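Each remark here refers to the structure printed beneath this line.
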Amino acid sequence: MAPANGDDSPTDAQEFARLRSLLVGREQAELERLRREIRDRTLTAENVGRHLPEAIALRAESDDQLARALMPTLEDAFTESVQRNPQQIAQAIYPTLGPAIRKAIAEAIGGIVEGINRALEEGLSVRGLKWRIEAWRSGVPYAQVVMKHALVYRVEQAYLIHAETGLLLSHVTAPDLAAPDADVIAGMLTAIRDFARDSFAAGTDGGLHAFRVGDLSVIVEAGPRALLAAVVRGHHPPALAERLQETLELVHLQFAGPLARFSGDAAPFESARAILAECLETVVDTSGKTHRGLVPRLAWVAVFVALAFVGYILIASQIKWRRALATLRAEPGLVVLDAHRGLRTWHLQGLRDPLARPASVVLAGLGFDTSRVHETWAPYISADPGVVLRRALRVVTAPKGVELSIAGDTLIATGAAPVDWIDALHARVAAIPGIGAVSDTRLTVILPLAVQPVADSVAASHVFFETGSSRLSDAAQAMLRGLGGSLRTIEASLGPAWRAELDVVGRTDTTGSEQLNRALSDDRARVATDFLLHAGIQTTRPAPRGIGTTNPLPAQTLEERARVNRSVSFAVRVRRAEPGGERKQ
Amino acid sequence: MIQKKVCMVGVFATGKTSLVRRFVHSKFSDQYLSTVGVKIDRKPVRVKEQDVNLLLWDLEGRDGAQDIQTSYLRGSSGVLYVVDGTRRETLVQIAEIHELVSKSIGDVPSAIALNKADLTSAWIINDGDRAELGKRPWHVFETSALTGAGVERAFVWLAEQMGSVAS
C-alpha cells in the first residue's frame, strides 16, 4: 500500500484520509452515530430519574393518557401486593375502612330499630288499627295503606328519554305498580316540554322542569342528549332534583357513545335500568310524630297519665286502709268487728275499753284525716295488760319511788312504799278487773315513823358468845325475851294484817378455819332462833342463818372486833299475813 | 325493540285521526291535539323479520302550516302526510307543510296518504295534481280509514325506508 513506505507527508495523510472516507466513509458515519447513541442512552438513563416526576406532572396536565397507560400496571401491582402481603394493605386502608364499616353497621342497626319501632308503634296505635281496618275494607295490602298515609315521597317511575326524538331509552317502575305505556308517555312528555317551552319561554334553553298532577309530581331533568323524568308521589325535597341531575350526568358519561349513535335501538341502554332503579326511592315518615297524629297522641298520653294517677290513688288508698286497720287491731283495748270503705268515708265498728285510746286518736296519730271516719264502738272491759295497768293506775296512785307493772294477771309493785299504801293496794286490787294477784315481794316496807326507833333498837341488839361457844348466857336469854316486846309494839302500830318478824344472823371471830366458823355461826343463829321461837317470838324463814366471818361488824380494836363478831344480830322484818290466816310454822 | 319517531301531519279534518284510531294503539284522547297540538300513539309493525315500534306524533295544522309546532318535528325519522282526497285545499296546504318540514328536519323518508280512498268518486284531485305530487320526494299511498286499504302498507313502507336510512 502507498502509505507503507513510511513517508507520512501531510499530503499523504490527507490523501489517505480522503481515500478512507471514500472507501469506508458511510460505515464511519454509521459507527459515529451508533457511538453517540450509546453515549446518549447512558446519559438518559442517568437523568431519567431526575426528570421523571416533572415529566409525569407535565403529561398529566395535558391529557389523561398517562393515567390510562399506567392503570393496568397499577392494578396488577395492587393485586400482586394484596396476594403477597394482605396484612400491609389492610393496615394501610384500616383508618378509612374502620369508620366506614362502623357507619354502615350503625345505619343498618338504626334502620332495623326504626323499622321495629315503627312496626310496634303502628301495630299498637289507634292509627295502625285504623289503617288495618282500611286495608281490610278496601282489599288493598296493609303495606300500601301504611305507605299511603305515612309516605313523605316516593319516586314511582323514572324515564330515560332521548332528547331529540323523545324515544324511550330506558324505564323503571316501582315493583308494585302496573307498567305504563312508557314509550308513548315518554314521547308525550317530550312533546309537553316542547309545548311549554314554545308557548311560554320561546327562544330560551330552559324547558319544563316540573309539574304537579294531584298528588304526583313529574320532575324532568334535561341533559344534552337525554332527559331524565321522574314521577314522584308526595312532597319531595329539592335535593331529589339534584340527585336526578347527577344520575343523568352519570348516564351521559357511561352511555356517551350509544347516546351519540342512537337511532331507535334501545338495547344498549338495557344496563341503564340499574342506574335508574337507584332513583326509585321511598321515604316514609319515621318520626312517628305526624301532624295528624300529634293531638290524638297527646290525648292518649293524657288518658294514660290520668289512669296512672287514678291507679296510684286507689293503690295508695288501699295501702293506707290496710295500715290503718292493722294499727287499730294492734291497739290495746280496741276490737275491730267490722270495717269497710265507702267512696270517701271509712266505717268502723267494734268494741272499745273506755280506757283504750279512741280510734280517731290512733288514726290521727298516723296522719289520717279522721273527719271521714265513721265509728261505732260498744264498751267492754279489756284484759289487755296495757289497759289493765292503766285501769290499776286510775285506782291506786303509785307514790314516788314505786313502779307498777303487769305480768300475766299479777300486778307487781317495785320500790319502797309506806305500810298504809301497801294496805290500800291490797285492799283495792280485787276491784280491778283483769288483775288476779298483787305481788309486793319486791317492795321495801317503810315503817311508820313512830315505831322506827323500836326497829332501830332491835337492830342494835346483839347476843355475844364465848370464843368457840354457842351457848346462850343468862343475860343473852333475858335480852332475847325483850325483843318479843319490841316486835309486838311494831305489830300493834301496823295493824292486824301485818306480822313483824326477826331476821337472825350469826357471826364468828376470825379464829379457826372458815368451815368451822361457818358451822359455828350457824349454831349460834340456830340457838338464838330456837330460843326465840320457844319464847313465842317469830323469826323470818328460812332460819337460821350463819354467815361466819363474811360481812363482819366493825369495831375499834382487833380484840373488840373479835368480841362483837362472836355474836348474833337481829333486824325487824314486817310483812302482810298470807290471805287465809297465819303463816304455817 | 327498535323504535322510530314518525310525524303524521295534515290539515284539519283530513281523517288523520280516524286513520290512527283504527290502526294504532291509542293511549291519549283526541283532545290532546287541540290542546297541546300533538298526540302520540304507538304503531307496531314488522319489517324484515324485525319488530319496529313506530311512535306516531300526530300533528295537526288547523289552518295550514303556521299551526304546526316545528319543535315537535325534531328527531323524526319519517313523516306521513295526510291529505283529504275530497278536499283540494288540503293538497295545497300539504305542500306548504312539506316545505316547513323539510326546512326543519331536512329530507327524511316521507309518504303521503291520500285519504278517503273509499270516496274516490268524490275526489277532486286531478291527474295534474298527482303529477305535482309525484315531483316531490315522497311515496303516495291511497288510504282509507274506513276500509283500511293502504294504511298498513304506508306504515310498513315508512318503517322500511327509515330502517335503510338508519343503517
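With N counted as the residues of region A:480-585, its alpha-carbon radius of gyration over 2.2 N^0.38 Å works out to 1.20.
For the protein assembly as shown, what does -39500 (n - 2.57) per DSSP helix run (n ≥ 4), summed and divided by total residues, give at 222 nm, in deg cm²/dmol to the nearest 500?
-16000 deg cm²/dmol
By definition, a body whose alpha carbon gyration tensor gives a ≥ b ≥ c is oblate when a/c is 1.5 or more and a/b is not larger than b/c, and region B:100-158 fits this oblate description. Each semi-axis of the equivalent ellipsoid for region A:133-284 is √(5λ) with λ an eigenvalue of the Cα gyration tensor; in descending order they amount to 29, 18, 14 Å.
Compute the separation of the alpha-carbon centres of region A:515-567 and region A:320-376 and state it in Å as a whole number. Value for the Cα centre distance between the two parts: 65 Å. Relative to the longest principal axis of the Cα atoms of chain A, helix A:238-254 runs at roughly 40 degrees. Dividing the mean sequence gap of close Cα pairs (under 8 Å, 6+ apart) by how many residues region A:488-585 holds gives a relative contact order of 39 percent. Legend: mean number of C-beta atoms from other chains within 10 angstrom of residue C-beta atoms, peptide A:185-193, equals 6.
How shielded is B:54-60 by partner chains, expressed as the average number of their Cβ atoms within 10 Å of its Cβ atoms?
On the way: counts 1, 11, 2, 6, 0, 1, 0.
Mean shielding count: 3.
Annotation: extensible slack from A:Ala407 through A:Ser439 equals 10.5 nm (criterion: 0.36 nm per residue apart, minus Cα-Cα distance). Given R0 = 22 Å, the distance between the Cβ atoms of A:Thr397 and A:Ala364 translates into a calculated FRET efficiency of 0.15. Approximating the spin labels as points 7 Å out from Cα along Cα→Cβ, the A:Ala174-to-A:Ala299 distance works out to 3.0 nm. Compactness of region A:429-534, taken as the C-alpha radius of gyration over 2.2 N^0.38 Å, stands at 1.41.
Label zone of B:Glu49 (point 7 Å out along Cα→Cβ, amide N under 20 Å): in region B:138-164 this covers B:156-157, B:159-164. When only Cα pairs below 8 angstrom with a gap of at least 6 residues are kept, chain A shows a relative contact order of 7 percent.
Relative contact order of region A:385-444: 38 percent, from C-alpha pairs under 8 Å at least 6 residues apart in sequence. In nanometres, what is the gap between the two model label sites at A:Val126 and A:Ala577, each 7 Å from Cα along Cα-to-Cβ? Simple spin-label model gives 9.5 nm for this pair.
Grab the beta carbon distance between A:Leu553 and A:Asp420, set R0 = 25 Å, and tell me the FRET efficiency rounded to 0.05.
E(calc), rounded to 0.05, equals 0.15.
Which peptide among B:84-96, A:473-485 comes first, and what is the full order, when sorted by highest mean count of other Cβ atoms within 10 Å?
B:84-96, A:473-485
Each Lys or Arg adds one and each Asp or Glu takes one away; over the other residues whose Cβ falls under 15 Å from the Cβ of A:Arg357, this sums to +1. Here B:Met1, A:Met147, A:Met188 are placed in order of increasing Cβ neighbour count within 10 Å, fewest first, which gives B:Met1, A:Met147, A:Met188. Per the Kirkwood formula applied to alpha carbons, the protein assembly as shown shows a radius of gyration over Rh ratio, Rg over Rh, of 1.57.
Roughly how crowded by other chains is peptide A:164-173, in terms of the mean Cβ count from those chains within 10 Å of each of its Cβ atoms?
Values: counts 5, 9, 10, 8, 4, 1, 0, 0, 0, 0.
Rounded to a whole number, the mean comes out at 4.
Tell me, A:Asp338, B:Asp129 in order of fewest to most beta-carbon neighbours within 10 Å?
If I rank by nearby Cβ atoms, fewest first, I get A:Asp338, B:Asp129.
The angle separating the long axis of helix A:10-62 from the principal Cα axis of greatest extent in chain A is about 40 degrees.
The ratio of the alpha-carbon radius of gyration of region B:69-119 to the globular-protein estimate 2.2 N^0.38 Å is 1.19.
Applying a 10 Å radius around every beta-carbon, put A:126-138, A:496-508, A:78-90, B:97-109 in order of their mean neighbour count, most first.
A:496-508, B:97-109, A:126-138, A:78-90
Mind jotting down a quarter of the surface of the convex hull over the alpha carbons of region A:297-379, in square nanometres, one decimal?
Averaged projected hull area, Cα only: 5.8 nm².
Modelled label positions at A:Val140 and A:Arg372, each set 7 Å beyond Cα in the direction of Cβ, lie 5.3 nm from each other.
Helix A:514-534 and the longest principal axis of the Cα set of chain A meet at an angle near 50°.
Coordinate-derived values only; no laboratory data. What you see is a predicted model, and the numbers here were worked out from it, not measured in a lab. As a convention, Cβ positions derive from the backbone with ideal geometry for all residues, glycine included, and neighbour counts pool all protein chains shown.
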